[in-house]
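Participant: Below: one structure in structure tokens.
The values are calculated or read from the model by the stated rules, or taken from the named source; none is laboratory data. Please read all numbers here as calculations on a predicted model, not as lab measurements. Glycine gets a Cβ as well: all are built from the backbone with ideal geometry, and neighbour counts include every protein chain shown.
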Amino acid sequence: MFDMSARLAQLLTTADMTRLFGVHRRTIYNWRRSGIIPAPKRIGHYLYWQQADVLAFLQNRGAS
């Protein structure tokens, strides 16, 4: 059996993304639409990003 709270802790909300990148929510949506950041998962009406995908993106971005 898996721990749902542990799985949810690995997801980032739009608010988490705005704090992480230091940008407005609209910028996160624009980046998503433009393919600049990793694609989120939709759960119901909400978007969530896999923490591992975002961390990998940040590492690759820093290496460029």
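Participant: Are there any pairs, at least 6 apart or on different chains, whose C-beta atoms fall under 9 Å, with the first in segment 35-64 and hydroxyl-bearing (S, T, Y) and the second surrounded by fewer than 10 Cβ atoms within 10 Å (Cβ to Cβ), and if so, which?
Facilitator: Going by the 9 Å Cβ cut-off, the qualifying pairs are Y48/R42.
Participant: For the condition modelled with pLDDT under 95, exposed (fewer than 13 other Cβ atoms within 10 Å of the Cβ) and more than 10 Å from the chain's Cα centre (by Cα), what is the one hit in S34, S64?
Facilitator: S64
Participant: Which members of segment 26-64 meet the condition of being in a helix (DSSP H, G or I) and within 15 Å of T13 (Cα to Cα)?
Facilitator: Once the filter is applied, which keeps residues that are in a helix (DSSP H, G or I) and within 15 Å of T13 (Cα to Cα), segment 26-64 yields R26, T27, I28, Y29, W31, R32, Q51, A52, D53, V54, L55.
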